[in-house]
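The values are calculated or read from the model by the stated rules, or taken from the named source; none is laboratory data. Fair warning: this is a prediction, and the values are worked out from it, not measured in the lab. Cβ atoms come from the backbone with ideal geometry, glycine included; neighbour counts cover every protein chain shown.
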Amino acid sequence: MSGNQLEKIKNYLGKNVGDMGLKLLEKSTSKIKISENPSNEEIGTLLADLEKKFSLLYGNDKAKGICDDVRKHLVEKSDIPISKNIDNEINNFLLKNALPTERDITDYSKYLVMKFGGNAQQVEKELIEKVRVHIKTRINRKKVNEEIMNFLVRYKDPAKSDIDDFVHYISLSKLEYPENELREQIEKDRLFLKFHGPQEGEESELDKFVDLVRYSNDKDTVNSEIKKQGLSYLVKDESGVSDKALSEFIEFVTPKEEDMKATLEGLNLGHMVKKK
């Protein structure tokens, strides 16, 4: 965000709020000691402080309206859409939080609203959806990686036909993974195993959660643990925690191997799930 963002805020307040708006802006910039080329975070902090000052004069609703209009003005005039900045913020959040709790999501939603503006409930709803997609993508990749390692244990030096069958097997398993990336990963893991042998890595927080879901005895146990860990957003719909959503999540994490085995055997690919 360039330094002329401050000038844009000043011009907007001067035209729409008047001298009082400019005086409060001067007080806020002095208090925050904002830099000449302020970052998105500094601008967000500035607008949050301005909103507090405006609320003392005009009330909370009008103060929020003024600052929301300022944010919209900056988006319209900015070379970089603010939505892109939000996406970058969320991506960084997900890199650092593989399995965020509901409290983490609520707090981060508040942070995004303070920084970029918007409706708090809508921002939280959109963030939850992005987190769900992120977690399912990570679980999907974990399952594919496990399948690759199991495949390479059975076929230490697989022929092209073996790899073709395995790629077909993965597609039938409904594990979404680009075919070219899958083939590259198979070769990468094959070479690693050849020269380094099996390695035991440290289990991540997400790995532990997936194992818990897979090896729990029933839905009630899984549901109880999900609530305990503050992860109920994974199995909620508009009405709250849903039995259907819980069942779908458990099935996604732990697909029925018997059904897949029967399907593969019907396609003469039974060897993909049998020991050599």
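Quick notes on this one:
- Only a single criterion out of (1) at pLDDT 85 or above; (2) assigned to a helix (DSSP H, G or I); (3) out of contact with any Gly (no Cβ under 8 Å at 6 or more places or on another chain) is not satisfied by ARG103, namely (3).
- Scanning the range 190-204 for residues that are closer than 17 Å to ASN97 by Cα and at pLDDT 90 or above returns no hits.
- Whichever residue in the range 210-229 is assigned to a helix (DSSP H, G or I) and among the polar types (S, T, N, Q) and, among such residues, is nearest to ASN140 (Cα to Cα): ASN223
- Selection status of LYS188, over 24 Å from LEU95 (Cα atoms) and either surrounded by fewer than 13 Cβ atoms within 10 Å (Cβ to Cβ) or in the same structural domain as PRO100 (by TED's automatic domain parsing) (or both): no
- Condition check for GLY44: assigned to a helix (DSSP H, G or I), over 36 Å from the mean Cα position of the chain (by Cα) and buried (at least 18 other Cβ atoms within 10 Å of the Cβ): no
Matching residues to (1) touching a helix residue (DSSP H, G or I) at 6+ places or on another chain (Cβ under 7 Å); (2) not aromatic (Phe, Trp, Tyr):
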position	(1), (2)
HIS196	no, yes
GLN199	no, yes
GLU203	no, yes
LEU206	yes, yes
PHE209	no, no
ARG214	yes, yes
THR221	no, yes
ILE226	yes, yes
SER232	yes, yes
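- The condition (being modelled with pLDDT of 85 or more, within 26 Å of TYR108 (Cβ to Cβ) and not assigned by TED's automatic domain parsing to the domain that holds LEU112) is satisfied by just one residue among GLU76, GLU51: GLU51.
- Of all residues in the range 117-155, those being loosely packed, with under 15 Cβ neighbours inside 10 Å, within 19 Å of the chain's Cα centre (by Cα) and among the acidic types (Asp, Glu) number 1.
- The lone exception for TYR169 - which of (1) farther than 17 Å from ILE139 by Cα; (2) in a loop (DSSP other than H, G, I, E, B); (3) modelled with pLDDT under 90 it fails: (2)
- Residues (acidic (Asp, Glu) and farther than 15 Å from PHE116 by Cα) located in the range 34-74: GLU36, ASP61
- Among the residues of the range 137-166, those identified as in contact with a helix residue (DSSP H, G or I) (Cβ under 9 Å, 6 or more places away or on another chain), without any contact (Cβ under 8 Å) to a residue 40 or more places away in the chain and not in a helix (DSSP H, G or I) are LYS156, ASP157, PRO158.
- Any hit, the range 109-118, residues being in contact with a Leu (Cβ under 7 Å, 6 or more places away or on another chain) and among the polar types (S, T, N, Q): yes
- Residue check for PRO198: exposed (fewer than 15 other Cβ atoms within 10 Å of the Cβ) and not assigned by TED's automatic domain parsing to the domain that holds CYS67: yes
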